[in-house]
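Below: the structure, in structure tokens.
The values are calculated or read from the model by the stated rules, or taken from the named source; none is laboratory data. Fair warning: this is a prediction, and the values are worked out from it, not measured in the lab. Using ideal geometry, Cβ is built from the backbone for each residue, glycine included, and neighbour counts are taken over all protein chains shown.
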Amino acid sequence: MSAAISQLPPRPPLLRHSVTELGRAFLEMGGSALLQPLSRLLPRGDGHSVVVLPSFMASDSSTAGLRRFLTERGYCALPWGLGRHGAGDRARSLEASLAARTETEERVAALVEAEYLRSGRKVTLIGWSLGGLVAAALAHRYPQWLRQVITLGTPYGDPRGTALYRVMSGRSASPVDEKAIKRWVRHAYRGTLQVPVLALYSKTDGIVGSDIALCQGDARWVRNVAIPASHIGFPFNPLVRAAIARELAASPE
């Protein structure tokens, strides 16, 4: 699995998508509540463990609704338990942020290994946004513990294609380090992929531009599926939840 990096900076999301993020997310939350009775029609799970990784600066509380949905569908849905994602990263460079990301990956790997040993079954990882980059990295390095990976609105490409690049990198007044950006993008693809990856993305995502939302790789293992969703609303969106339920039920261990 390899990452293609364009010579031109990617386009960030359209402004109209960014400014309507919060309002659309509330609509998605309401839609999930309204359609909750219909969720019983979705396929039931087999009880295997599903660990949900939050997005940048989010904690387990942001994924509680999705985990509750997964539990109701018959899975052992688990929080990551590591606090707010990226809260301790005060890095002023992509290199330092990448080091923090690597440390997070190893902590999540330890959680996945422990759950695999406890349950005796491979684990599914669902990663929202930055959590998806962590999940994809583990899919390449620890296939012995993982059944599959599902990512939600994950910025797989050049981080300049996000609406939050300046905030996340702390590089508003610094020249762009192209080599550091290439290392950041390629980091999630190190190793040989032997775990199915479903990347759910949205063409109306107000945080992650569509130029960087696709997971690159062998079509035998990687699928990219567009779903209308806001970035904030991914874990709450009823269409996203339905896609997750179907994917989990269809994928053999």
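Taking segment 132-147, which residues are in contact (Cβ under 8 Å) with a residue 60 or more places away in the chain and surrounded by fewer than 24 Cβ atoms within 10 Å (Cβ to Cβ)? Spell out the reasoning first.
Kept after step one, since they are in contact (Cβ under 8 Å) with a residue 60 or more places away in the chain, are these residues of segment 132-147: 132, 134-136, 140, 147.
H140, R147, listed by residue number.
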Tell me which residues, restricted to segment 213-225, are over 15 Å from L14 (Cβ atoms) and under 15 Å from the mean Cα position of the chain (by Cα).
L214, C215, Q216, V222, R223, N224, V225
Specify the residue that is farthest from the chain's Cα centre (by Cα); the eligible residues are those in segment 91-105 that are surrounded by fewer than 20 Cβ atoms within 10 Å (Cβ to Cβ) and of a type in the set (S, T, N, Q).
S93
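Among the residues of segment 98-131, what is the count of those that are out of contact with any Pro (no Cβ under 8 Å at 6 or more places or on another chain) and either part of a helix (DSSP H, G or I) or among the acidic types (D, E) (or both)?
So in segment 98-131, the residues out of contact with any Pro (no Cβ under 8 Å at 6 or more places or on another chain) come out as 98-127.
Still in the running and either part of a helix (DSSP H, G or I) or among the acidic types (D, E) (or both): 98-119.
The qualifying residues number 22.
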Out of the residues in segment 27-55 that are in contact with a strand residue (DSSP E or B) (Cβ under 9 Å, 6 or more places away or on another chain) and of a type outside the set (G, A, S), which is surrounded by the fewest Cβ atoms within 10 Å (Cβ to Cβ)?
H48
Name every residue in segment 175-212 that is within 15 Å of P9 (Cβ to Cβ) and of a type in the set (G, A, S), in order of residue number.
A180, G209, S210
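Quick check: anything in segment 106-113 acidic (D, E), surrounded by fewer than 16 Cβ atoms within 10 Å (Cβ to Cβ) and modelled with pLDDT of 95 or more? Reasoning before the result, please.
Step one: filter segment 106-113 for residues acidic (D, E), giving 106, 113.
The next check asks that each one be surrounded by fewer than 16 Cβ atoms within 10 Å (Cβ to Cβ); those that pass are 106, 113.
Next, from what is left, pick out any that are modelled with pLDDT of 95 or more: 106, 113.
Within segment 106-113 (the criterion being acidic (D, E), surrounded by fewer than 16 Cβ atoms within 10 Å (Cβ to Cβ) and modelled with pLDDT of 95 or more), the answer is yes, since at least one residue qualifies.
Against the definition (modelled with pLDDT of 90 or more, in contact with a Gly (Cβ under 9 Å, 6 or more places away or on another chain) and not in a strand (DSSP E or B)), how does S62 come out, yes or no? Break it down into steps so the answer makes sense when it comes.
Numbers: modelled with pLDDT of 90 or more: yes; in contact with a Gly (Cβ under 9 Å, 6 or more places away or on another chain): no; not in a strand (DSSP E or B): yes.
No: the conditions fail for S62.
Looking only at segment 112-119, decide whether some residue is within 17 Å of the chain's Cα centre (by Cα) and touching a residue at least 24 places away in the same chain (Cβ under 8 Å). Step through it out loud before you land on a result.
To start, the set of residues in segment 112-119 that are within 17 Å of the chain's Cα centre (by Cα) comprises 112.
Now narrow it down to the ones that are touching a residue at least 24 places away in the same chain (Cβ under 8 Å): 112.
Looking through segment 112-119, at least one residue is within 17 Å of the chain's Cα centre (by Cα) and touching a residue at least 24 places away in the same chain (Cβ under 8 Å).
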All but one of (1) at pLDDT below 85; (2) part of a helix (DSSP H, G or I) hold for A91; which doesn't?
(2)
